[in-house]
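The values are calculated or read from the model by the stated rules, or taken from the named source; none is laboratory data. These numbers were taken from a predicted model, which means no experiment stands behind them. Methodologically, a virtual Cβ is constructed for each residue, glycine included, from the backbone with ideal geometry; neighbour enumeration extends over all protein chains shown. What goes into the accessible areas is simple: the full protein's heavy atoms, side chains included, and nothing from ligands, DNA or RNA. Shrake-Rupley method; radii C 1.70, N 1.55, O 1.52, S 1.80 Å.
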Amino acid sequence: MSTTGHTVQPQFSPSGKRGAFPISLLCLTIGAFAIGMTEFIIMGLLPNVATDLNVSIPQAGLLITGYALGVAVGAPILTVFTHKIPQKKLLVLLMCIFIIGNALSVIAPTYGLLISARILTAFAHGTFLGVGSIMATRLVAPERRAGAVSVVLAGLTIANIIGVPFGTFIGQQLGWRSSFGAITILGIISLIGIIRFIPVLPQGAPANLGQQFRNLVRPQVLLVLLIGALGCGSLFTVFTYITPMLVDISGFAEQSVTWILVLFGFGVTLGNLVGGRLADWKLMPSLIVNFGILAVLLAALTITLENPYLAVITIFFWGVAAFGIMPGLQIRIMNMTREAPLLATTSSHSAFNLGNAAGAYMGGYAITHTGLISVPLYAAVIAALGLLGLFISLLMKDRLASPEGAEVVNPVSVH
């Protein structure tokens, strides 16, 4: 195999011996890092954008909503129209869309053009992460597939620790457009890396759209998508309102919340990496235990919020548990859609974003009807529903047919 004129060395030995993750994964991680920045950085720059473009804060907030809807709707649509494109070429195309969208955000003279640029950028979000996750599993030995996915998705979590605070600082010092300029540069770096280091891997004939939709609408796949939405919903039910909870209930000064969220971000990153390792070891058992711990921690947060020290400890471990489920869910979806995984994998990011939106709404509902202190309890119930869904998934008949019609044994998990 070769790409851009150089020979591609095998990424793992035929014997499946463990080794370091290849540098090609780093290129995908940088892309995910840039995507994480462009998704969340706008939250810290809303006042600057609103003032510069002469719009209200609620109108500027639609830049966040528009992006989320762009991810939810754009991922499956773009996947349908690009499903025949080889995976490396598709990654290049998606990163070009991402770069163009952010470059347009830098120069957008009006609010309408800015929100259009944001939506264009969002279209590349879910499909890039879906294709990147699939490509990652093909770059490593079979027993390291979930770990490879977690390395790619770590870009999203690290963006929240480093990228978003740093990008917000740049935007506040040099103007909000400079933040999108920095993200554009990161996209270009990722694009160069993808062209240079991602190998052209052999692919079978692309599955037709009918086959892809049949894979997607299978009850087992839809259930896992729902479980993923519930996991993200439990996260954003609390995360959306974490600042008022820490200030009004725990008694922290508002400026202290930033550092607590940085600590939460470290927990998120740790959970993502550990979750990948555990999913490589025992996929379904690790997911079940993780969801159970997540539900317990969220319920405990209702109590520990009253004590500043216990609140911080609980929030850190909540971050670990909340993102520990992500690599396993992605691998679970890939295992169930082997013949046409792309539409299902990209649709998972649509489901996750819908879960984000629903979780934010549920947190607001809890505040309105039962008070701020009850928000973590609502989130715990949502996580418990995800746990119930996993038990149902475990009991459902899950046959993965190979091209010869034989049942495929999951190489990374025990069902």
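Things worth noting here:
- Lone unmet requirement of (1) touching a Gly at 6+ places or on another chain (Cβ under 7 Å); (2) under 26 Å from G70 (Cβ atoms); (3) among the β-branched types (V, I, T) for V320: (2)
- Qualifying residue in the stretch 63-74 (condition: closer than 30 Å to F213 by Cα, open to solvent by 10 Å² or more (accessible area, probe 1.4 Å) and outside any helix (DSSP H, G or I)): no
- Test: residue in the stretch 252-260 that is at pLDDT 85 or above, in contact with a Pro (Cβ under 8 Å, 6 or more places away or on another chain) and open to solvent by 10 Å² or more (accessible area, probe 1.4 Å): yes
- Residue check for L246: at pLDDT 85 or above, buried (at least 24 other Cβ atoms within 10 Å of the Cβ) and touching a helix residue (DSSP H, G or I) at 6+ places or on another chain (Cβ under 7 Å): no
- Of the set (1) modelled with pLDDT under 85; (2) of a type outside the set (G, A, S); (3) at positive phi, all apply to N54 but (1).
- Residue list for the stretch 84-105, filter: closer than 14 Å to L201 by Cα and β-branched (V, I, T): I85
- I189 being open to solvent by 10 Å² or more (accessible area, probe 1.4 Å) and closer than 30 Å to I260 by Cα: no
- Filtering G233, G155, G163 for residues that are under 24 Å from A383 (Cβ atoms), touching a residue at least 12 places away in the same chain (Cβ under 8 Å) and surrounded by 22 or more Cβ atoms within 10 Å (Cβ to Cβ) leaves a single hit, G233.
- Taking helices (runs of 4 or more DSSP H) as the structural unit, those lying wholly within the stretch 278-392 and holding at least 1 residues that are surrounded by fewer than 17 Cβ atoms within 10 Å (Cβ to Cβ) and in contact (Cβ under 8 Å) with a residue 60 or more places away in the chain correspond to 283-304, 341-370.
- Exclusive hit being part of a helix (DSSP H, G or I), β-branched (V, I, T) and more than 22 Å from F264 (Cα to Cα), set I188, I161: I188
- Residue within the stretch 295-315 that is closer than 15 Å to G231 by Cβ and touching a Gly at 6+ places or on another chain (Cβ under 7 Å) present: no
- A148 being without any contact (Cβ under 8 Å) to a residue 60 or more places away in the chain, assigned to a helix (DSSP H, G or I) and open to solvent by less than 10 Å² (accessible area, probe 1.4 Å): no
- Contact annotation: residue pairs with Cβ atoms under 9 Å, 6 or more positions apart or on different chains, pairing a residue in the stretch 86-115 that is free of Cβ contacts under 8 Å to residues at least 40 places away in the same chain and over 15 Å from I195 (Cα atoms) with a partner that is open to solvent by 40 Å² or more (accessible area, probe 1.4 Å) and charged (D, E, K, R), are A108/R177.
- Enumeration of residues in the stretch 212-230 that are open to solvent by 40 Å² or more (accessible area, probe 1.4 Å) and at pLDDT below 85: F213, R214, V217, R218
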